[in-house]
Amino acid sequence: MGLIEMAGKNYLDLKAEVWDTGKCASCGACVAVCPADSIFFKTGEESVHPFNRDYCKDVNDNVPCGACYEVCPRLEKQPSEIIGNYLNIMSAKAAFEIPGKQSGGAVTAILSNALEQGMIDAVVTVVEDPWSLRPSSAVISSNEVLINHAGSRYNWWVPLVASLKEAVITRKHTKIAIVGVPCVVQAIRQMRESDLDIIRPFKKYIRLIVGLFCTETFDYEKLMQDKLISERNIDPLDIIHFDVKGKLEITLKDGSLTLISLKEVEDCVRPGCKICTDLTALYSDISAGSVGSPQGSTTLVIRNPVGRHFVNSAVEHGKLLPENKVDMGSVEKLSAKKIERMPEE
């Protein structure tokens with residue numbers, strides 16, 4: 001958005017156009033960039049969009065800001081590309097053991113190499129409590145911590161971009177990688193394209209965006225407590241793999257696989273997901289997911305020279321093993337299905 005379009009926009013406009021209309025992606029970008037720390041999320045039933053603490057520089061002090069409006073990914077028309085632009089598509093897996101990895105561990109391998117080589121100094125990512133699996137966003141600067149949190153489930157909703165404020169403002173990191181689902185990637189793209197001075201510290205220090213394939217995200221309390229624990233008597237500690245490939249696939253420690261139709265858990269899906277059309281994180285540097293690759297491998301869509309540089313470095317330093325061709329048919333099919341959600345004009 002240009003400066004002319006931004007004139008006079010503030011959180012009240014964002015509230016009217018996005019928060020109150022069910023369009024909010026709950027990505028946390030507005031939380032990150034608010035200079036007054038006035039935007040926040042609640043948990044539980046009221047977590048479908050952010051809230052404001054009744055203070056805004058623009059509204060209360062007549063100081064132009066508009067940062068929250070500027071970075072919102074839901075003010076743009078949803079994309080309609082199946083796969084989007086890319087330089088290369090490959091299957092890969094980590095060349096070293098990663099306990100708890102979701103698919104091939106390729107994303108962790110790329111980030112681990114980048115930390116070791118000094119290409120990045122922090123990763124904004126999802127972590128989860130080892131006992132409850134409750135997710136949260138975090139800033140990781142240690143390779144050991146990164147590997148220990150591999151396999152954290154991005155299918156849970158987390159306002160991930162909110163942690164950018166900690167990474168940039170509090171901890172002063174200057175070479176940041178962000179790993180997130182498509183709405184997160186769209187928000188970071190808004191930051192990268194912004195001309196607002198207040199956004200500059202955020203866009204300046206983002207070195208890599210890794211986008212994860214995503215059909216939808218789930219509310220933790222509704223899915224874990226109401227569906228898995230109460231209805232199916234599944235202990236969270238028994239879950240070793242949690243994935244969405246047209247169905248909810250839950251693998252337990254005993255090797256058993258539980259398949260749940262997405263229709264059955266529809267009431268657990270975040271409301272803002274129901275208008276999202278982006279499966280493969282079209283605006284990332286590297287997109288990654290399990291769809292299209294054999295079990296134990298990761299599909300990587302390398303979209304630009306930045307992404308290629310990070311992948312090549314991981315391969316050259318023995319962290320990442322390239323593998324066979326990807327079955328793009330399955331990726332395209334799932335992507336086309338998600339595009340069907342495109343809201344009517």
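The values are calculated or read from the model by the stated rules, or taken from the named source; none is laboratory data. Just so we're clear, the structure is a prediction, and the values are computed from it rather than from any experiment. Positions of Cβ are backbone-derived with ideal geometry, glycine not excepted, and every protein chain shown enters the neighbour counts. The accessibility values were calculated without ligands, DNA or RNA, using every heavy atom of the protein model including side chains. Shrake-Rupley method; radii C 1.70, N 1.55, O 1.52, S 1.80 Å.
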Index of the failed condition, Leu115 passing every other in (1) outside any helix (DSSP H, G or I); (2) modelled with pLDDT of 90 or more:
(1)
Selected residue (only one of Pro130, Pro99 is free of Cβ contacts under 8 Å to residues at least 40 places away in the same chain, assigned to a loop (DSSP other than H, G, I, E, B) and either over 24 Å from Leu279 (Cβ atoms) or in contact with a helix residue (DSSP H, G or I) (Cβ under 6 Å, 6 or more places away or on another chain) (or both)):
Pro130
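When you look at Val158, is it open to solvent by 10 Å² or more (accessible area, probe 1.4 Å) and either modelled with pLDDT of 95 or more or under 13 Å from the mean Cα position of the chain (by Cα) (or both), yes or no?
On the way: open to solvent by 10 Å² or more (accessible area, probe 1.4 Å): yes; either modelled with pLDDT of 95 or more or under 13 Å from the mean Cα position of the chain (by Cα) (or both): yes.
Yes; evaluated as a whole, the condition is true for this residue.
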For Asn85, state whether it is in contact with a Leu (Cβ under 9 Å, 6 or more places away or on another chain) and not hydrophobic (A, V, I, L, M, F, W, C).
yes
Name the residue that is farthest from Ser293 (Cα to Cα), counting only residues in region 310-327 that are part of a helix (DSSP H, G or I) and open to solvent by 40 Å² or more (accessible area, probe 1.4 Å).
Glu316
Could you tell me whether Leu248 is closer than 12 Å to Glu216 by Cα, buried (at least 22 other Cβ atoms within 10 Å of the Cβ) and within 20 Å of the chain's Cα centre (by Cα)?
yes
Out of Lys101, Lys77, sole residue that is touching a strand residue (DSSP E or B) at 6+ places or on another chain (Cβ under 9 Å), modelled with pLDDT under 95 and not hydrophobic (A, V, I, L, M, F, W, C):
Lys101
Condition set of a type in the set (Val, Ile, Thr) and part of a helix (DSSP H, G or I), scope region 27-49, selection most open to solvent (accessible area, probe 1.4 Å): answer is Val31
Go through (1) in contact with a Ser or Thr (Cβ under 8 Å, 6 or more places away or on another chain); (2) crowded, with 23+ Cβ neighbours inside 10 Å; (3) not β-branched (Val, Ile, Thr) for Ala150 and report which single condition fails.
(2)
Kindly evaluate Ile250 against the criterion of being assigned to a helix (DSSP H, G or I) and not charged (D, E, K, R).
no
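Inside region 253-282, can you point out the residues that are in a loop (DSSP other than H, G, I, E, B), closer than 22 Å to Glu332 by Cα and open to solvent by 60 Å² or more (accessible area, probe 1.4 Å)?
First, the residues of region 253-282 that are in a loop (DSSP other than H, G, I, E, B): 253-256, 262-265, 270, 276-282.
Narrowing further to those that are closer than 22 Å to Glu332 by Cα: 262-263, 276-282.
Hit for region 253-282 is Lys263, nothing else.
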Tell me yes or no: at least one residue of region 53-74 is touching a Pro at 6+ places or on another chain (Cβ under 7 Å) and crowded, with 23+ Cβ neighbours inside 10 Å.
yes
Among residues belonging to region 190-235 that are among the aliphatic types (A, V, I, L, M) and over 20 Å from Cys72 (Cα atoms), point out the one that is most open to solvent (accessible area, probe 1.4 Å).
Ile229
On the basis of being under 13 Å from the mean Cα position of the chain (by Cα) and at pLDDT 95 or above, does Val179 make the cut?
yes
Is one or more of the residues making up region 50-73 within 19 Å of the chain's Cα centre (by Cα), on the phi > 0 side of the Ramachandran plot and either of a type outside the set (Val, Ile, Thr) or not in a helix (DSSP H, G or I) (or both)?
no
If you take just the helices (runs of 4 or more DSSP H) that sit entirely in region 136-205, which of them hold at least 1 residues that are of a type in the set (Val, Ile, Thr) and free of Cβ contacts under 8 Å to residues at least 24 places away in the same chain?
143-148
